[in-house]
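The values are calculated or read from the model by the stated rules, or taken from the named source; none is laboratory data. The shown structure was predicted, so the numbers you read here are calculated from the model rather than taken from an experiment. In this analysis, Cβ positions are derived from the backbone assuming ideal geometry, glycine residues included, and neighbour counts consider all displayed protein chains. All accessible areas refer to the heavy atoms of the entire protein, side chains included, with ligands and DNA or RNA removed. Shrake-Rupley method; radii C 1.70, N 1.55, O 1.52, S 1.80 Å.
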Amino acid sequence: MGQHSKYSFEMKLDAVTKYLEGSCSTESIARSLGTNGTRIVEWVTLYQSLGIEGLKTTPKLRVYSAETKQNAVADYLSGKGTLREIQKKYGIRSDKQLRNWIMKYNGHEKLKASGTGGTSVMTKGRKTSYEERVEIVTYCIEHGMDYAQAAEKYQVSYQQIYQWTRKYQSNGVEGLIDKRGKRKSETEMSELEKLRAENKLLQAEKRRAQLEVAFLKKLDEIERRRF
């Protein structure tokens with residue numbers, strides 16, 4: 001999804017400049033901006049890997065080829081660098097993306113081209129029921145918001161999944177109800193049906209969070225052993 005931030009390009013550049021000049025610590029810069037030191041380090045890493053462009057808010061997804069993903073994961077697993085070093089080497093926007101690729105690889109999932117750059121991404125949408133949208137968004141959450149993979153599996157468009165997921169994140173299960181044309185079957189759904197759908201999605205979020213926590217612990221152990 002696109003990058004949205006309350007921090008302007010100028011604010012990020014100023015923070016990175018102060019850090020690289022050594023005039024301020026990450027903690028003092030973070031305090032002045034009302035954020036944390038980790039975010040400052042992320043901006044510095046983006047600047048070092050992508051230049052000034054890396055600090056700009058982008059409305060479009062950055063596309064990574066399957067080869068880039070595979071090489072980045074292989075380099076990390078073979079000990080050729082830390083997460084941030086590999087991130088810089090391949091121009092990856094966040095170490096979270098790299099972690100997600102590693103987790104998929106360890107789960108024996110095939111790493112495909114991301115964004116709309118992959119040949120398997122569906123571009124043609126289709127009509128769906130409320131139940132289908134709940135199922136599709138559930139799958140998307142459990143698989144690290146991989147819209148391209150979900151689009152291929154359910155034969156819907158990438159844009160549809162992106163919109164449904166955003167609506168769910170903003171409005172909960174109500175956001176997945178299609179209210180166009182006064183469709184009674186959806187607009188007059190019972191509270192029980194809505195609660196069941198909400199529970200299904202919340203359980204998906206919980207499972208995904210548990211997997212990420214366990215995986216991040218393993219990555220932290222690997223990182224510590226390398227120093």
Positions within the stretch 127-158 being in a helix (DSSP H, G or I), open to solvent by less than 40 Å² (accessible area, probe 1.4 Å) and of a type in the set (D, E, K, R), in sequence order:
Arg133
Every residue in the stretch 22-45 that is among the basic types (Lys, Arg) and within 24 Å of Ile92 (Cα to Cα), please.
Arg39
Could you tell me whether Ser65 is open to solvent by 40 Å² or more (accessible area, probe 1.4 Å), at pLDDT 80 or above, over 30 Å from Ile141 (Cα atoms) and touching a helix residue (DSSP H, G or I) at 6+ places or on another chain (Cβ under 9 Å)?
no
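Residues are listed down the side, and each one gets a yes or a no for (1) of a type in the set (Ser, Thr, Tyr); (2) within 15 Å of Tyr7 (Cα to Cα); (3) part of a helix (DSSP H, G or I):
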position	(1), (2), (3)
Arg31	no, yes, yes
Leu50	no, no, yes
Thr68	yes, no, yes
Ala72	no, no, yes
Gly79	no, no, no
Glu85	no, no, yes
Lys89	no, no, yes
Lys96	no, no, yes
Tell me, please, whether a residue that is of a type in the set (Gly, Ala, Ser), open to solvent by 70 Å² or more (accessible area, probe 1.4 Å) and modelled with pLDDT of 80 or more can be found in the stretch 165-175.
yes
Taking the stretch 20-38 and keeping residues open to solvent by 80 Å² or more (accessible area, probe 1.4 Å) and touching a residue at least 24 places away in the same chain (Cβ under 8 Å) leaves Leu20
Say we look at the stretch 68-78 and pick out the residues that are at pLDDT 80 or above and surrounded by fewer than 19 Cβ atoms within 10 Å (Cβ to Cβ); which of these is farthest from Ile141 (Cα to Cα)?
Asp75
Cβ-Cβ distance below 8 Å, separation of 6 or more or different chains: which pairs start in the stretch 53-69 with a residue that is aliphatic (A, V, I, L, M) and end on one that is modelled with pLDDT of 80 or more and not in a loop (DSSP other than H, G, I, E, B)?
Leu55/Phe9; Leu55/Lys12; Leu55/Leu13; Leu55/Val16; Leu55/Trp43; Leu55/Tyr47
